[in-house]
Each structure stands twice: as structure tokens, then as C-alpha cells.
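Take a look at the structure set out below.
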Amino acid sequence: DVPGVEEIAPDDQVNRLLRDAEVLASQEQTEAAALIAWSAVEAILRRRARTDAPEIERQSSARVLKHLYGLGRIQPEIFETLSQLMEFRNAFSHGFVPRIGPPDLKAVITDIQRLRDAA
């Protein structure tokens with residue numbers, strides 16, 4: 001469930017999450033890196049939704065991602081990268097074996113940074 005009243009993570013927390021994801025990825029802690037990277041993505045997406053589509057800010061992260069993509073606020077290649085990250089993260093975070101391999105986390109983090117900087 002998406003929290004109903006908490007504030008969206010500020011920029012300094014998002015930046016720290018991305019740094020932590022980079023460290024975890026370099027240590028080949030793929031699942032942990034994907035989970036932390038996805039937390040940064042959610043904050044970025046929700047902040048963008050607050051501006052572009054406030055009615056979906058508290059919806060599922062998949063819905064926010066798809067809606068912002070539909071509005072043209074996310075580039076197709078970044079949308080694909082984030083969709084793969086989300087699928088991988090969703091599987092293992094809910095106790096399943098992912099049917100897809102882990103994405104290239106270095107590339108994913110670079111795309112997340114591009115998305116953050118374009119906001």
C-alpha cells in the first residue's frame with residue numbers, strides 16, 4: 001500500500017539512495033541495489049506526478065510510471081529500463097524468483113539520474 005500522508009523523499013535522500021544503489025551494485029548485491037534504486041525512482045516519479053498529474057501521485061508505482069510515460073514525461077528508452085527494473089524488483093520483493101534476469105544496474109542508475117535531472 002502507498003502511504004497516505006508521508007512526504008515524498010527530498011532530493012538529498014534520493015541522491016543518497018542512488019549512491020547506495022551504486023555501492024551495492026558494485027558489490028554484486030543485485031537485489032538490494034535494485035530495491036534501493038527503485039525507491040529513488042518512486043520518489044522522482046511521485047514528485048513529477050505531483051506537478052503533472054496530481055490525481056495519480058498516491059497510486060501504485062506501476063500506474064504512475066505508465067501514466068507519466070503516456071503524458072510524454074518519460075522517454076521511451078528510460079520507460080523500458082524502468083519497466084524491467086520494476087518487474088525484477090517486484091518479483092523478488094514479493095518472494096518470487098524473477099523470470100527475467102537483473103537489469104544492468106549501472107545503466108539503470110544512469111537512466112534514473114537522467115530522469116532526476118530532467119525533472
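The values are calculated or read from the model by the stated rules, or taken from the named source; none is laboratory data. What you see is a predicted model, and the numbers here were worked out from it, not measured in a lab. Surface accessibility is based on the protein's heavy atoms, side chains included, excluding ligands, DNA and RNA. Shrake-Rupley method; radii C 1.70, N 1.55, O 1.52, S 1.80 Å.
Remarks
- Principal axis box of the chain, alpha-carbon based, largest edge first, Å: 37, 29, 29
- Among F88, F79, the sequence by solvent-accessible area, most first, with a 1.4 Å probe is F79, F88.
- Acute angle (nearest 10 degrees) that the helix 30-52 long axis makes with the longest principal axis of the chain, alpha-carbon atoms: 10 degrees
- H67, H94, reordered so the largest accessible area comes first (probe 1.4 Å): H94, H67
- Where the chain is the region considered: accessible area per residue in Å², 1.4 Å probe: 57 Å²
- Nearest-ten-degree value, helix 11-26 long axis tilted from longest Cα axis of the chain: 20 degrees
- Accessible-area composition of the chain, carbon plus sulfur, in percent [1.4 Å probe]: 49 percent
- Between helix 105-118 and the chain: long-axis angle, C-alpha atoms, 0 to 90°, nearest 10: 20 degrees
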